[in-house]
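See below for the structure under consideration.
Just so it is clear, none of the values below were taken in a lab; they were calculated from the coordinates. As the structure is a prediction and not an experimental result, all values here were calculated from the model. Neighbour counts are summed over all protein chains in view; Cβ atoms, including those assigned to glycine, are modelled from backbone coordinates with ideal geometry.
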């Protein structure tokens, strides 16, 4: 289904860390995939081919499952963070709006009284 979140991976590593610190050998790494130039790539092709076959409409269901999994990983802001962020945006928009209004008035004066005389 969904991949592990960063927090879940860190927790898993923290649990495994004491065992490794005691001098135990590191866990074996994943096997290397065969390269395109050599090796037996037939099982890999067979796996890819079987993955391509699916029930019509199951792609949408898979998409929804992945979307829900990703939404569970989102770190949603608190109400305080939303309010402060909204206040910053409103203040910034007000400042930019006033600047643009003043700039428009200045250029309106220049065009009417200097260029159109």
For this session: For residue 83 and residue 8, calculate 0.36 nm times their separation in residues minus their Cα-Cα distance, and state this gained length in nm to one decimal.
Result: 24.1 nm
Exercise. Using r as the Cβ-Cβ distance of residue 116 and residue 93, and R0 as 22 Å, what FRET efficiency do you calculate, to the nearest 0.05?
Worked result: 0.10
Exercise. Going by a ≥ b ≥ c, the root eigenvalues of the Cα gyration tensor, does region 56-117 fall in the rounded group (a/c under 1.5), the prolate group (a/b larger than b/c) or the oblate group?
Worked result: oblate
